[in-house]
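Okay, structure first, notes after.
Nothing in this text is a laboratory measurement; each read-out follows from the coordinates by a stated rule. Remember, predicted model here, so these are calculated numbers, not experimental data. Don't worry about glycine lacking a Cβ; one is built from the backbone with ideal geometry, like all the others, and counts go over all protein chains shown.
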């Protein structure tokens, strides 16, 4: 088994800290009597339906942070004929090595102009479906040190701490794949 860690960049740590602080502060502020705006309680200015919605909404805010943490990538693993993107508290995203058809180290700024179509854009990382010159899956904890893996003509982009070590490990597991200079994110 070969494992390649994915650590959070300083920018992701900063964004994550601020967003988590905000999401955890929402219930405290919404239910606080000190500000005189008790939205979620019986003394609040809103009607009963709004009070229930505010209560549930404020309870969901910290759960959003927990859900994003659970899905966030933490490492890449090559084992048992599979490429796995390990997540913090969710099952790994797995891809068969037999389907790998190329690997490319991407230059800095390769994600510039990419559009998130369904996923997360900074809270504990970047992951989900993105689009730039075609759709791709992104499992990243930073926007630099990116590697694109072609699997059945589809693109998976990951951010191992040591991209060249990951590429070498992947090529030793799948020598026919070859290191490709062809990447659609920067062309």
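Numbers at a glance
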item: Relative contact order [Cα under 8 Å, 6+ residues apart], the range 101-164, whole percent; result: 33 percent
item: Nitroxide proxy distance, nm - points 7 Å out along Cα→Cβ at residue 82 and residue 131; result: 3.0 nm
item: Estimated FRET transfer efficiency (residue 152, residue 64; beta-carbon r; R0 35 Å; 0.05); result: 0.60
item: Separation in nanometres of the label points that stand 7 Å from Cα toward Cβ, at residue 29 and residue 53; result: 1.9 nm
item: Gain upon complete extension [residue 161, residue 144; 0.36 nm per residue less C-alpha separation]; result: 5.2 nm
item: Distance (nanometres) between label positions extended 7 Å along Cα→Cβ at residue 117 and residue 10; result: 3.4 nm
